[in-house]
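Asker: The structure's right below; bear with me while I get my questions together.
The values are calculated or read from the model by the stated rules, or taken from the named source; none is laboratory data. Values in this document were obtained by computation on a predicted structure and should not be read as measured data. Quick reminder, even Gly has a Cβ in these numbers, built from the backbone with ideal geometry, and neighbours come from all protein chains shown. Accessible surface is based on the protein model in full, side chains and every heavy atom, while ligands, DNA and RNA are left aside. Shrake-Rupley method; radii C 1.70, N 1.55, O 1.52, S 1.80 Å.
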Amino acid sequence: MLKQFSPDKMLNTPFGITADQLRKMGKTTILTDLDNTLLAWDQLDATDEVINWFTILKEEGIKVMIFSNNNEERVARVAKAIDVPYLARAKKPLGANFRWALKEMNATPEETVMIGDQIMTDIFGGNRQKLTTIFVRPVKQTDGMSTKLNRMMESIILKRLAKKNQIKWEESL
């Protein structure tokens, strides 16, 4: 049962992921969460670090989509600033919108990475769709109200994975 919640990789930040690393893994497409993955959940605008990372990935041929459970206004503001497609109210971990995103990006599960800061939504949803999943440390240590229950369940899962030596934080892919 824990396997469904176990990420393929655990990184401190997504910003060290390069197009070369992704290509070596056979990956061409990224679906990425927004809140506490790329930006603090309460930060309105994309940072230079976010903009630069997306710019480089796109220039090097990696397709990227922001795939967030947050509302349209929040997600659109950031996605439009960095000129990438997005899906707000993605209803992660449910599968229908993962499949829609793959079709929209003309990608297969085998060539797609899901990056996120939540085990219960990003990693579980990505694993269910057979994507490579990358769990990142949250940008900010506080969360919106809707995330707090997920964080409690996540801490139990992470403790169990650690007990079985099934998780390891790494600096890069």
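Asker: Heavy atoms only, probe 1.4 Å: what % of the accessible area of the chain goes to carbon and sulfur, would you let me know? Could you put the intermediate results ahead of the total?
Answerer: Values: 4700 of 9000 Å².
Of all accessible area on the chain, carbon and sulfur atoms account for 52 percent.
Asker: Leaving ligands, DNA and RNA out of it, work out the accessible area of Val139 with a 1.4 Å probe and give it in Å² to the nearest 10.
Answerer: Its heavy atoms expose roughly 80 Å² to the probe.
Asker: Of the candidates Met65, Met152, Met114, which one comes out as most mobile in a Gaussian network treatment of the chain with C-alpha springs shorter than 10 Å?
Answerer: Top of the fluctuation ranking is Met152.
Asker: So who's got an amide H within less than 5 Å of the one on Leu11, skipping anything under 5 residues away but keeping other chains? H placed 1.01 Å off N, in plane.
Answerer: When sequence neighbours closer than 5 places are left aside, the close amide H contacts are Phe135, Val136, Arg137, Glu170.
Asker: So what is the calculated 222 nm ellipticity per residue for the chain, using -39500 (n - 2.57) for each DSSP H run with n of 4 or more, over all residues, to the nearest 500 deg cm²/dmol? Write down the numbers at each step before the final one.
Answerer: Values: 6 runs with 62 residues, N = 173.
Estimated from H runs of four or more residues: -10500 deg cm²/dmol.
Asker: Could you rank the peptides 27-37, 119-129 by their average count of other C-beta atoms within 10 Å per residue, with the highest value first? All intermediate terms of the calculation are to be shown ahead of the outcome.
Answerer: Working: 27-37: 24.5, 119-129: 23.0.
Listed from highest to lowest mean packing, they are 27-37, 119-129.
Asker: Step through the table entries Lys58/Lys164; Lys63/Lys163; Lys91/Lys130; Lys24/Lys80, compare each Cα-Cα distance with 26 Å, and write down the pairs that go over it.
Answerer: On the way: Lys58/Lys164 38 Å; Lys63/Lys163 36 Å; Lys91/Lys130 17 Å; Lys24/Lys80 29 Å.
Listed pairs above 26 Å: Lys58/Lys164; Lys63/Lys163; Lys24/Lys80.
Asker: Enumerate the amide H contacts of Thr132 below 5 Å, restricted to partners 5 or more residues apart or on another chain; note that Pro and chain-start residues carry no placed amide H.
Answerer: Thr112, Met114
Asker: Shifting gears a bit: Once amide H atoms are built 1.01 Å from N in the peptide plane, which residues 5 or more positions from Ala90, or in another chain, come under 5 Å H to H?
Answerer: It is Ser68, Asn69, Asn70, by chain and number.
Asker: With θ taken as phi - 60° and the coefficients 6.51, -1.76 and 1.60, list the Karplus ³J(HN,Hα) couplings across the stretch 107-117 in order, rounded to whole Hz; mark glycine and proline as x.
Answerer: 10, 9, x, 5, 9, 10, 10, 10, 10, x, 9
Asker: Across bins of 10 angstrom width beginning at 0, how are the C-alpha pair distances of the chain distributed, in whole percent?
Answerer: 10, 43, 38, 9, 0
Asker: Can you compute the charge dipole magnitude of the chain about its Cα centre, using +1 on each Lys and Arg Cβ and -1 on each Asp and Glu Cβ, nothing else charged? Give it in debye, rounded to the nearest 20.
Answerer: On the way: 26 positive and 22 negative charges, 192 e Å.
Rounded to the nearest 20 debye, it is 920 debye.
Asker: Could you give the accessible area per residue of the chain, probe 1.4 Å, as a whole number in Å²?
Answerer: Details: 9000 Å² over 173 residues.
That works out to 52 Å² per residue.
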